[in-house]
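Student: Below is the structure I would like to discuss, written out as C-alpha cells.
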Amino acid sequence: MIKETLSDGRAMDKFRAMITSQGVSSSTAHELCRPGADVFRVLPTAKHTTDVLAPTTGQIYTQLVVSNLGRKLKWKMGLRLRLY
C-alpha cells in the first residue's frame, strides 16, 4: 500500500496540498512537486547568506548522539542507528 501510494502520485498530491495549505502558492507548490524540480531555482535565496568553505575536499560526517529518548525510540520503533 505504501509503495503504491508513493509510486502512483497520491503521496505527492498530499504533500502539494499540505504545503499549499501552509501558504505556498499553488504554482510554486506545483513547480516544487514536479519530477526533477530544481528547488534552488524555485525557492528564493535568503536575504543574508554565509559561505562556509572547507579547507580540503572530502566528505562531511555527522555523529549521532543517542540519548535515553533515542535509545527508547530505537527499541520501540526498531530503528537501526549506527553509533560512532
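Student: Mind checking which pairs have a first residue in the stretch 30-44 that is in contact (Cβ under 8 Å) with a residue 12 or more places away in the chain and a second that is β-branched (Val, Ile, Thr), Cβ under 7 Å, 6 or more apart or different chains?
Tutor: Sorted first by the residue in the stretch 30-44, then by its partner, the pairs are Leu32/Val39; Leu32/Val42; Val42/Thr28.
Student: Just checking, how many residues over the stretch 21-32 are surrounded by 15 or more Cβ atoms within 10 Å (Cβ to Cβ) and either of a type in the set (Asp, Glu) or within 16 Å of Gly9 (Cβ to Cβ) (or both)?
Tutor: Residues meeting the conditions: 3.
Student: Continuing with the same structure: Checking the conditions here, which among Thr20, Thr62 is among the polar types (S, T, N, Q) and modelled with pLDDT of 65 or more?
Tutor: Thr20
The values are calculated or read from the model by the stated rules, or taken from the named source; none is laboratory data. Predicted model, so just to flag it, every value in this text is computed and none were measured. Every residue, glycine as well, gets a Cβ built from its backbone with ideal geometry; the counts of neighbours run over all protein chains shown.
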